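To keep things clear, I will list the structure first and then write my remarks on it.
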Amino acid sequence: MSTTNPPLPEFDIDPRAFRHLADAQVGVELDTGDMILNLGPQHPATHGTLRLVVRLDGERVISADPLIGYMHRGYEKLVEFRTYPQITTLINRIDWLSSFANEVPFIDAAEQLMGIQAPPRAQYIRTILTELSRIATFILFLGEMGLQVGALTPAFYGFRDREHVLNLIEAASGGRFHPNFNRIGGIKDDLPWGWVNETRRVMKLMFDACDTFEDLVAGNEIFEARTRSIGIIPAELGAAYGVSGSNLRASGVDWDLRRDGKPYLVYPDLDFKVWTHRDGDSFARYWVRLQETRESCRMVLQMLDQMPAGPIMAKVPRIIKVPEGEAWTETENPLGQMGYYVVSKGATGPFRVKIRSASFSNVSILPWLLRGVFVPDVITILASLYFILGDIDR
Amino acid sequence: MSDVSGTSTPEPAADAAVDEEVEPAVAAEVTEEVAPDPHALDARHEELVARFDAELGEAVLDRANVFGMPVLRLRRIDWRAAAEVAKGALDCDYLSFVSGIDWMPAPKEGGDDAGGDTSAPVQPSEVSYGAAGSEGRFQVFARVQSTTRHWGFTLKADVDEESLLVQSWVPVYAGADWHERECWEMFGFVFDGHPALRHLYLPTEFEGHPLRKDYPLLSRVVKPWPGLVDVEPMPGDGDDSSADGSAVEEGATA
């Protein structure tokens, strides 16, 4: 197996400087040549099929080369062969843990081009479901991150607590993972009877779950030892790599598209805090997501109180033809910045859609980030970056 | 928007058999002047464009505003310089994406009367270029943003069809690495200065550039989309246009 690694941006510590450590223990005459280790394509830490070719010197990573594309489905090509209403079905599968949040920016782009605005109630329901997807995604992360450092219990808690949120999404939309609930001009259905009260109850459970994870995982000494000052992403480099979302906020960048981007959905009406952490390490990423889960629960409760009555669909032509033009929409998805650059030529389907998915850029920093770390830390770094392979491979 | 200066008709692509006037890029946007212009820039983005013009104004060939977002088309020799200006002088520290676009209309399989893939939405067969125009078939476009000033813009540059050369952004934005690899395999653009243009998604031995418009969607060629054959009116739905989300075009059955 020979892999050629591309020259990477400069790294201030030459991993080869640590060679003498290995030499001191095993003697210089033994061969301490590099070893190539394949992580994946199937590995529990990789949420899909990511292959990571790691070149090791002892326990230390010299270079890491993520080989992606095992799940590449070519969505940017496929959407050129489909109509706008059909496309939401596809883009549900990009980041399959927060499918609803994927639909929103694309529908938003189409609505902008058509000059349609969804009614306020539809906007509220969209925002609530987006935040519920965020909670579902993060709750799973909060548990699963424990699994990656060797604690099995939190993972089960994560799956158990996420189920409550998925039940809500299913009750509203009919689909646990792939709601396909957005329509151009609004949403498919109104919320079912009793949904609002049930959501209030579940949000209480989620606050409790966050407390549990804070005690069980974030407050755990072993967890801190495994994650503190591991995998530090400097803010400027992270931004240059396009790392976004919680990963960038954990590096101290106070930037959240819900607050700082072009206003979308009902976020301008909401009162929420953007959490950041100075450290930029694996622990910071965990901590920021923990706080953001709580913040999302607060936002959902706020929206349930403020939600207006009214129609859920705007007037939309029967056959949807989107006028000629271009639109770029970006949203703060659970995994980071999700954007669609939609080019329309006045047909029933788009001419070209550039899908900007968060995990793709988040993971592109891995070759830099994994240099010089120990093998067990590779797993915690991968877990703390929290990517979905569907979001990388599109 | 009225600030589009370059309304001179761009030359169509050499291989595209189109000789009529290509309509100005933003003609569709000017028609609806009912409410406040949806494309108008806010003060923040106007400052961004003004500062870019002060730094590298001579590189801008054409410009447009798309829903409050500036789109600048640059000379291709200034592609990297623009990135340097954006990152250095305009605080656009965040690279959103680099990608490409092929403006050529997709050729119809075997002419208009052939069966082919009739389920796909019918795109206009004449060439037209989007916001800020284009000179040829290929364009590279990228978006950079600022995490501190909360502004951002889209940059475009035409790509020469012969050489397909584009200046790489990797020396400026480290994250351009993967985006340019993807763009290289999907469109065939050669990024000058990129450390290693290897396949990213596709297998190493893959031939062709799938996102080009003349590259067919092979699965539809092998087996036509079955959606058309079983289309019948929805119950209680009298009109002909019974397309409820499914892809049926007018005249497809004629």
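None of the figures in this text is laboratory data; all of them are computed from the coordinates on show. Given the structure is predicted, the values throughout are model-derived calculations rather than measurements. Heads up, the Cβs are rebuilt from the backbone with ideal geometry, glycines too, and the neighbour counts pull from every protein chain shown.
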For segment A:253-279 and segment B:155-229, what is the centre-to-centre distance using only Cα atoms, to the nearest Å? 34 Å
So between B:ASP160 and B:SER219, what do we pick up on full extension, going 0.36 nm a residue minus the alpha carbon distance? 18.2 nm
Using the count of nearby Cβ atoms within 10 Å as a rough guide to exposure, how do A:ARG51, B:ARG137 rank from fewest to most? A:ARG51, B:ARG137
For A:SER63, A:SER359, what ranking results if the residue with the fewest other Cβ atoms within 10 Å of its Cβ goes first? A:SER63, A:SER359
What number, rounded to the nearest 500 deg cm²/dmol, is the helix-based mean residue ellipticity at 222 nm of chain A, given -39500 (n - 2.57) per DSSP H run of at least four residues and division by all its residues? -14000 deg cm²/dmol
How far is helix A:120-148 tilted, in degrees, relative to the longest principal axis of the Cα atoms in chain A, given as a value from 0 to 90 rounded to the nearest 10? 20 degrees
Between B:ARG198 and A:LYS321, what FRET efficiency follows from the Cβ-Cβ distance if R0 is 35 Å, with the result rounded to 0.05? 0.30
Take the alpha carbon atoms of segment B:124-149, find their center, do the same for segment A:295-357, and report the distance between the two centers in whole angstrom. 21 Å
Angle between chain A longest axis and helix A:375-385 axis [Cα atoms, degrees, rounded to 10]: 20 degrees
³J(HN,Hα) computed for each position of segment B:176-192 - Karplus, 6.51 cos²θ - 1.76 cosθ + 1.60, integer Hz, glycine/proline x: 5, 3, 5, 4, 6, 5, 5, 5, 5, 7, 7, 10, x, 5, 9, 8, 6
Cross-link table A:LYS188/A:LYS273; A:LYS315/B:LYS213; B:LYS87/B:LYS156; A:LYS262/A:LYS321, entries beyond 22 Å C-alpha to C-alpha: A:LYS188/A:LYS273; A:LYS315/B:LYS213; A:LYS262/A:LYS321
When the charge dipole of chain A is computed with +1 on Lys and Arg Cβ and -1 on Asp and Glu Cβ about the Cα centre, the Cα farthest towards its positive end, among A:GLY280, A:ILE388, A:GLN306, belongs to A:GLN306
Please get the size of the charge dipole for segment A:75-358, origin at its Cα centre, with Cβ charges of +1 on Lys and Arg and -1 on Asp and Glu, quoted in debye to the nearest 20. 880 debye
Could you line up B:SER146, B:SER134 from fewest to most neighbouring Cβ atoms inside 10 Å? B:SER146, B:SER134
Label-point gap, in nm, between A:MET35 and A:LEU205 - each point 7 angstrom along Cα→Cβ: 4.5 nm
